[in-house]
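Note sheet for the following structure.
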């Protein structure tokens, strides 16, 4: 676990220096983004496909909240859509909320398209849009889909991939489900951080 | 695509690949070799894609010591990757005589090397560039093994002549501006200019 945290910290520093102008970037003072154990970034008044504004504070009674950064156009996100729907449905009765957030601003990903998608796939969870992209940056979301599990105290309990393979038939590890089960059982997830895989979020 | 018909959506990528494949097929059925081209050159143009794990990838890099090496990490499902592939392939051509090599590393099912090869051929990939596919396909394990920062594609790695990883072009949610193919070219030119 410590090693994992270290790895995540290093990764954060590394990724930060990767695109810096200097070759020998000094990764020193730069605070890393958001990691396991930190309080979750709060979203406030993000418009959902239901036309209403939503905030994390609405979910204060949830035992856990799964946040999935996703979008319409990305083939990996599409490959995971049914799994996200099933995840939300399977855990709803256990007090777990799922919130999907899109921060991409290409036409196919904007709110009207999101509404169509949500209706077609019968999303029973909030699907929110943040055209400012700020919530994606606060979470440090890099790809779609990128999952974050928030525990009952609104601290991050897991970050990374939903499971270990975009091809559903090849999945061996159910990272998010295992992490939720751990949180519901009052313990810490055995694996609290994995590398996500998907389409890079189009930050502007 | 937005009508929610699962079958349609599932078919989308396949149709796309088939389309690309058929284009590749068309262009290759009319090779039209230039007069100054030696015979046999045409044959070399078929794109071979080899599945590698991390150790094999590292070994390939060792064999390229003395050259500046750019690795273009991509996937058939990654639309910006498909747009940017020709850029890497042109770089390889442009700097071939300056001690520069480009590799592509695809994060898809290693059982689909034919399809991957056809897409590469359609993007201008030829025998000058070595093409790999991750042995672990498009899994989180592959993203880990090849250290794809943030798990986001496209992703580029640039190694100097000593084989040292010098630049990692990765999506960074904290950056004010994301990298562009032009940034990659500039870094390549800069490293080539360094004394060997």
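For the reader, a short list of remarks on this structure follows.
- Judged by the gyration tensor of its Cα atoms, with axes a ≥ b ≥ c, segment B:123-196 is oblate; a/c meets the 1.5 cut and b/c is at least as large as a/b.
- Alpha-carbon centroids, segment B:52-122 and segment A:42-112: separation in whole Å: 35
- Using a Förster distance of 25 Å, the FRET efficiency for residue A:42-residue A:178 (Cβ separation, nearest 0.05): 0.45
- DSSP-defined antiparallel bridges as percent of all bridges, segment B:62-196, nearest 5: 45
- Kirkwood estimate for segment A:22-168, i.e. one over the average of 1/r between Cα atoms, Å: 15.8
- Three-way shape call for segment A:128-190 based on the alpha-carbon gyration tensor, with the a/c threshold at 1.5: oblate
- Label reach from residue A:153 (point 7 Å along Cα→C-beta): in segment A:173-204, amide nitrogens under 20 Å belong to A:179-193.
- Net length gained if the chain between residue A:134 and residue A:119 were fully extended (0.36 nm per residue, minus Cα distance): 2.8 nm
- Contact order normalised by residue count of segment A:20-177, Cα under 8 Å, 6+ apart, percent: 30
- Computed over segment A:131-200, relative contact order equals 34 percent, with contacts defined as Cα pairs under 8 Å that lie 6+ residues apart.
- In segment B:88-196, Cα pairs under 8 Å separated by at least six residues give a relative contact order of 21 percent.
- Peptides A:83-91, A:57-65 ranked from most to least packed give A:83-91, A:57-65, packing being the mean of other C-beta atoms within 10 angstrom over each peptide's residues.
- Rounded if a/c under 1.5, otherwise prolate or oblate - segment B:57-196, Cα gyration tensor axes: rounded
- The spacing between segment B:130-166 and segment A:155-188, judged by their C-alpha centroids, is 24 Å.
Each value in this text was obtained by applying a stated rule to the coordinates, not by laboratory testing. Being a predicted model, the structure only gives us computed values, none of them experimental. Cβ: placed from backbone, ideal geometry, glycine included. Neighbour counts: every protein chain shown.
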